[in-house]
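Below is one structure; the comments refer to it alone.
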C-alpha cells in the first residue's frame with residue numbers, strides 16, 4: 001500500500017469518526033429536545049386540569065353568556081358580557097356579585113368579578129387550542145409570557161377558583177402550584193398539546 | 001352582634017345586627033323599610049333591588065358588614081328625573097298586578113334609564129332579566145320604560 005493510500009484511509013476513518021460524533025450529538029440533542037417538548041406538554045396538561053375546571057370555564061364562555069355550577073348550565077338570571085365584561089347596563093355583574101363570597105345567599109364574589117374577554121373564550125375548546133390561545137398576546141390581553149405568568153400566579157380573580165365559597169369544589173391544587181406549573185411549562189418552551197386533543 | 005352606622009335614603013341610621021345579616025333584612029326588619037321585598041334570597045328574582053351609591057344591587061346578597069360607607073337608596077327614597085318619569089309611566093300604564101316585584105322592577109328601570117336614556121327592547125330585556133314577575137307584567141313594564149324614556153326626552 002502506498003503512503004498516499006494509507007493517508008487516504010486514515011483520513012476517511014477520521015471523517016467517519018467525526019461524522020459519527022456529530023451525528024450522535026445531534027441525535028442526543030434531538031432526543032433532549034423531544035424530551036423537553038414532551039415534558040412541556042405534560043406540564044400544560046397538568047395545568048389544564050385548572051384551566052378546564054368549571055370554576056374557571058364558567059366565566060370563560062365562547063359566547064356572551066356565562067355558565068354556572070359544575071354542570072356549567074347557563075347563568076341564571078340571563079346575563080350577558082356587555083361591552084367590558086361587566087354585564088349589561090342596568091344589570092352589571094356587581095348587582096349581585098360583591099367583593100366577597102356571601103354563602104348565606106349562595107352568591108360568589110370578588111372585587112374584580114367579570115367575564116373573561118371574548119378573545120379568551122375557552123368553553124368547548126381543546127386544551128391544545130386553549131394553549132395556543134393563552135400565549136397569544138392578540139388574544140390574552142396583550143400579555144407576554146412574563147405578564148401571563150404573573151397573571152395566573154397573582155391575580156385575585158384567578159385565585160377565587162381556589163376559594164369559591166359555598167359548596168363549590170375549588171379548582172385542583174393551589175394558585176401557587178398552578179403558577180409553578182405554568183412557569184415550568186414556560187421554562188420548557190411553552191409547547192402545546194395537539195389542538196385536537198382534549 | 002355589632003353596631004353599624006349606615007346611610008339610607010339620605011339619613012344616617014344605626015343598627016345592631018350580626019355582620020352577616022343581609023342588607024335586605026336590615027332594611028325591612030330593623031329600619032321598617034318594607035318596600036324592598038324578599039323574593040328568593042339568592043339574588044335570582046330582583047325583588048330586593050336597591051341602589052348603593054347610585055348603582056343597583058340585590059340587597060339579599062350583601063352582608064351589612066360589606067356595605068361600608070355605601071349610600072343606600074330604597075324604593076321609599078328613590079328620586080330624580082328618571083324616577084319621576086318611571087313612576088308616572090307606571091301609574092299611567094297601570095303596570096303592577098299583584099305588585100310584589102314592582103319595587104325591584106322600578107329600581108332596575110330607573111337604573112337602566114340612568115345609563116341608557118333611550119333603551120331598546122333588547123336593552124330593557126337585558127337590564128330587567130334579573131327581575132322576575134310571577135304575574136308576567138313584562139309587556140307593560142317594557143312599554144312603561146319606553147314611555148318614561150320618551151318623557152325624559154321632553
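In this simple spin-label model, placing a label point 7 Å from the Cα along the Cα-to-Cβ direction at both residue A:184 and residue B:53 gives a separation of 4.2 nm. Note on residue A:139/residue B:7: beta-carbon distance plugged into 1/(1 + (r/R0)^6) with R0 of 41 Å gives a FRET efficiency of 0.40. Panel values: segment B:20-132, Kirkwood radius from alpha carbon pairs, Stokes-Einstein at 4 °C and 1.567 mPa s, translational diffusion coefficient 91 µm²/s.
Given R₀ = 56 Å, what would the calculated FRET efficiency be for residue A:72 paired with residue A:17, taking r from the Cβ atoms and rounding to 0.05?
Working: r = 62 Å, r/R0 = 1.10.
After rounding to 0.05, the efficiency reads 0.35.
Counting only DSSP beta bridges with both residues in the protein assembly as shown, the antiparallel share comes to about 90 percent. Which of rounded, prolate, oblate describes segment B:43-103, given a ≥ b ≥ c as roots of the alpha-carbon gyration tensor eigenvalues and a/c under 1.5 marking rounded, otherwise prolate only if a/b is larger than b/c? In terms of gyration-tensor shape, oblate.
Which whole number in µm²/s is D for chain A by Stokes-Einstein, with the Kirkwood Rh taken over Cα pairs at 25 °C and 0.890 mPa s? All intermediate terms of the calculation are to be shown ahead of the outcome.
Numbers: Rh = 19.5 Å.
Once the numbers are plugged in, D ends up at 126 µm²/s.
Can you give the mean number of other chain Cβ atoms that lie within 10 Å of the Cβ atoms in peptide A:103-112? Don't jump to the answer; show the numbers that get you there.
Numbers: counts 2, 8, 14, 6, 7, 1, 3, 0, 0, 0.
Other-chain Cβ atoms within 10 Å of each residue's Cβ, averaged: 4.
Send over the Kirkwood Rh of segment A:68-158, from the inverse of the averaged 1/r over different Cα pairs, rounded to one decimal Å. Display every interim value, and only then the final one.
Values: mean 1/r = 0.0678 Å⁻¹.
One over the average 1/r among Cα pairs gives 14.8 Å for segment A:68-158.
Restricting to DSSP H runs of at least four residues, report the calculated mean residue ellipticity at 222 nm for chain A, -39500 (n - 2.57) per run over all residues, nearest 500 deg cm²/dmol. Each step should come with its number before you reach the end.
Values: 6 runs with 88 residues, N = 198.
Theoretical 222 nm ellipticity from helices: -14500 deg cm²/dmol.
Relative contact order for segment A:57-198: what is it in percent, counting Cα pairs under 8 Å that are at least 6 residues apart?
Working: 198 pairs, mean separation 30.6, N = 142.
Computed value for segment A:57-198: 22 percent relative contact order.
Here the alpha carbons of segment B:1-72 define both size measures, Rg and Dmax, at 10.9, 29 Å.
Per-residue extension of 0.36 nm, minus the Cα-Cα distance of residue B:34 and residue B:84, leaves a gain of 16.0 nm for this segment.
The value for segment A:125-165 of Rg(Cα) / (2.2 N^0.38 Å) is 1.27. Between residue B:139 and residue A:39, the simple label model (points 7 Å from Cα in the Cβ direction) yields a spacing of 6.9 nm.
Let me check against my output: what whole-number percent is the relative contact order of chain B, with C-alpha pairs under 8 Å and at least 6 apart? Reported relative contact order: 23 percent.
Taking neighbour counts of Cβ atoms within 10 Å as a proxy for exposure, in what order, fewest first, do A:83, B:84, B:8, B:72 appear?
On the way: A:83 8, B:84 15, B:8 21, B:72 26.
Lowest to highest Cβ neighbour count: A:83, B:84, B:8, B:72.
Projected onto planes of every orientation and averaged, the convex hull of the alpha-carbon atoms in the protein assembly as shown covers 24.7 nm². For segment A:26-80, the relative contact order works out to 19 percent when only alpha carbon pairs closer than 8 Å and six or more residues apart are counted. Note the angle between two axes, namely the Cα long axis of helix B:138-153 and the longest principal axis of the Cα atoms of chain B, as a number of degrees from 0 to 90, rounded to the nearest 10. The helix B:138-153 is inclined about 80 degrees to chain B. Extending 7 Å from the Cα toward the beta-carbon at both residue B:65 and residue B:42 defines two label points whose distance is 2.3 nm.
Going by C-beta contacts inside 10 Å, put B:98, A:59, B:135 in order with the fewest on the left.
Numbers: B:98 10, A:59 24, B:135 14.
Fewest to most other Cβ atoms nearby, the residues stand as B:98, B:135, A:59.
Here is the tail figure for segment A:18-78: Cα pairs spaced more than 17 Å apart come to 61 percent of all pairs. Our note on the geometry: Cα centres of segment A:130-198 and segment B:31-89, 38 Å apart.
Once you divide the Cα radius of gyration of segment A:14-117 by 2.2 N^0.38 Å, the number left is 1.90. Here chain B carries DSSP beta bridges of which approximately 90% are antiparallel, counting only pairs with both residues inside.
Full extension from residue A:147 to residue A:177: what is 0.36 nm times the residue separation minus their Cα-Cα distance, to one decimal in nm? Don't skip to the answer; put the middle values down first.
On the way: separation 30, 0.36 × 30 = 10.80 nm, distance 1.72 nm.
Stretched out fully, the residue A:147 to residue A:177 stretch lengthens by 9.1 nm.
Coordinate-derived values only; no laboratory data. For clarity, every value in this text was computed on a predicted model and none was experimentally measured. As a convention, Cβ positions derive from the backbone with ideal geometry for all residues, glycine included, and neighbour counts pool all protein chains shown.
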